[in-house]
Structure formats: structure tokens, C-alpha cells
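K.L.:
The structure is given below, and queries will be raised subsequently.
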Amino acid sequence: MSVMHVPDGLLDTKIWTASLALSAGAIGLAARRAGQELQERQVPTLGVMAAFVFAAQMVNFPVPGGTSGHLLGAALAALTLGPWAATLVMTAVLVIQAFFFGDGGVTALGANVLTMGVVAPWTAHASHRSLRRLWKGPRGGSVARFVAAWVSVEAAALVIALMLAASGYVPLALALGALLGWHALIGAGEGLITVAVLTYLHRLLPEDAGSARPMLRGDGV
């Protein structure tokens, strides 16, 4: 359940080339930072998370506007591995989907990485970190994770709406109303799943797991 893949043909050339450049820069920076922050024992976790997100995103349902909705997983990745690693996980998933499964356009890959691989995990990370300063304890943590996941979906949908409108595909008011409206509901499902998975991981991993659970302790990285 979450934000859709943009197919080929909807974005103006200037929009998809600009988003490609921004995404490429973000991926390069993420690769360097993740390499500095992740320990060797955490590397297999990236593959596991990518496989989980990939499988979850294969469950699609139609959303008005010629695209589809599905579980995003960016918040889950960001709150488990940190935002830099989450960008790499989401990028890997999106590249495989675009080139091997036709889910999301090849020319729109930069736009999809920007929204789902950069905007979504970073808004989830920032939201969670801010909210944990206000809401303490296990219950506060669950609420913060739910809101962070919801915000990540809405933020990604907002950026897609802006890109579609800037490309002249649909009026801005219509794009905002359709995408933000539908994804407000989709984001609630994203939040529930994110909380459920993170709660399970919190109980599964021992307290001495250290950096294998960077965000599960509560206050972020």
C-alpha cells in the first residue's frame, strides 16, 4: 500500500531529466554515507529488507490517474536501517522493477527514485526523529512510527503530483486532490504495517543487538 510508480510518457523531458540528476546525486551520497555508517554484519540486512520491500510492492491495486498503489516500505527501511541505507534499498527495488517487471517507466526511474527512494525515507526519518522528542515510551514510539510512515506516503505523493502538474499532464489542483486524498488512506495502511513489523523486530532482537537495530531503540540515528 503506498505511492505509485510513474510510468513512461507522463513527465516532461525537463522534469524527468532533472529528477534523474537529483536522484543520481542522492544515490552517490547515500552509498558513501551508508558505507561509513553500516557495520559488516548489517550488510545482509539490506538484502533482506530489499527482498521484503520488493515482495510487498508486487501487491498492487489501481489508483485513478493511470498508476497504481502498493505498500511503499520506505519508512520501514528508514526506521530499521537509517535513511542512507533506505535510499539504497529502495533504489535497488525500483531498478529491478523498472527493468525486469515493467513496474514504473525507465525514463521515469529517476522520478520514482526521487519520490520513493529519497523523499519518502527521509521524511519518515525526519518525522520520526522530531516526534520522538515529543512522545516518549513504547506507546509514543508506536505513534511516531505510524505518523512517520503516513507522512512518507503523503510526501512522496505530493512530489509526484507536483511533477505531473509541472509536466502539463494534469492540473495541479486535480493532481493534489486525487493523489493526496487517496494516499491519505493508503498511508494509514502503511503506518499500521510499519508499526506491526517494527514492533515484531523490537521484540525479536535482543537489547544488546546494538547497531543491528539503529532506530528500534526510539530516538533515531
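K.L.:
Within region 93-118, take every residue that is open to solvent by 10 Å² or more (accessible area, probe 1.4 Å) and within 12 Å of the chain's Cα centre (by Cα) and give me the one that is nearest to Asp12 (Cα to Cα).
P.N.:
Selected residue: Leu114.
This table checks each residue for (1) surrounded by 16 or more Cβ atoms within 10 Å (Cβ to Cβ); (2) at pLDDT 95 or above; (3) within 22 Å of Val53 (Cα to Cα).
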position	(1), (2), (3)
Ala148	yes, yes, yes
Leu174	no, no, no
Gly181	no, no, no
Ile186	yes, no, yes
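Residues checked against (1) touching a residue at least 12 places away in the same chain (Cβ under 8 Å); (2) assigned to a helix (DSSP H, G or I); (3) closer than 19 Å to Leu10 by Cβ:
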position: Tyr169; (1), (2), (3): yes, no, yes
position: His183; (1), (2), (3): yes, yes, yes
position: Gly187; (1), (2), (3): yes, yes, no
position: Thr194; (1), (2), (3): yes, yes, no
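K.L.:
As an exercise: evaluate Val221 against (1) in contact with a Pro (Cβ under 7 Å, 6 or more places away or on another chain); (2) open to solvent by 40 Å² or more (accessible area, probe 1.4 Å); (3) modelled with pLDDT of 85 or more; (4) among the hydrophobic types (A, V, I, L, M, F, W, C) and give the number of the one condition it does not meet.
P.N.:
Among (1) in contact with a Pro (Cβ under 7 Å, 6 or more places away or on another chain); (2) open to solvent by 40 Å² or more (accessible area, probe 1.4 Å); (3) modelled with pLDDT of 85 or more; (4) among the hydrophobic types (A, V, I, L, M, F, W, C), the lone unmet condition for Val221 is (3).
K.L.:
Next question. Condition check: touching a residue at least 60 places away in the same chain (Cβ under 8 Å) and surrounded by 15 or more Cβ atoms within 10 Å (Cβ to Cβ). Does Leu198 satisfy that? Talk me through it step by step, then tell me what you get.
P.N.:
Numbers: touching a residue at least 60 places away in the same chain (Cβ under 8 Å): yes; surrounded by 15 or more Cβ atoms within 10 Å (Cβ to Cβ): yes.
So Leu198 fits the description; yes.
K.L.:
Run Ile96 past the list (1) of a type in the set (A, V, I, L, M, F, W, C); (2) at pLDDT 95 or above; (3) touching a Phe, Trp or Tyr at 6+ places or on another chain (Cβ under 8 Å) and report the number of the one that doesn't hold.
P.N.:
With respect to (1) of a type in the set (A, V, I, L, M, F, W, C); (2) at pLDDT 95 or above; (3) touching a Phe, Trp or Tyr at 6+ places or on another chain (Cβ under 8 Å), Ile96 is out only on (2).
K.L.:
Please enumerate the residues belonging to region 11-35 that are within 23 Å of Phe54 (Cβ to Cβ), in contact with a Ser or Thr (Cβ under 7 Å, 6 or more places away or on another chain) and open to solvent by less than 30 Å² (accessible area, probe 1.4 Å).
P.N.:
The answer is Ala26, Ala30.
K.L.:
So Leu131 passes all but one of these: (1) aliphatic (A, V, I, L, M); (2) modelled with pLDDT of 95 or more; (3) under 21 Å from Ala86 (Cβ atoms). Which condition number does it fail?
P.N.:
It is condition (2) that Leu131 fails.
K.L.:
Further question: Could you tell me which numbered condition Leu72 fails, if it satisfies all but one of (1) farther than 17 Å from Ala56 by Cα; (2) in a loop (DSSP other than H, G, I, E, B)?
P.N.:
It fails just one condition, (1).
The values are calculated or read from the model by the stated rules, or taken from the named source; none is laboratory data. Just so it is clear, the model here is predicted, and its values are computed rather than measured. Methodologically, a virtual Cβ is constructed for each residue, glycine included, from the backbone with ideal geometry; neighbour enumeration extends over all protein chains shown. Surface areas here come from the heavy atoms of the whole protein model, side chains and all, with no ligands, DNA or RNA. Shrake-Rupley method; radii C 1.70, N 1.55, O 1.52, S 1.80 Å.
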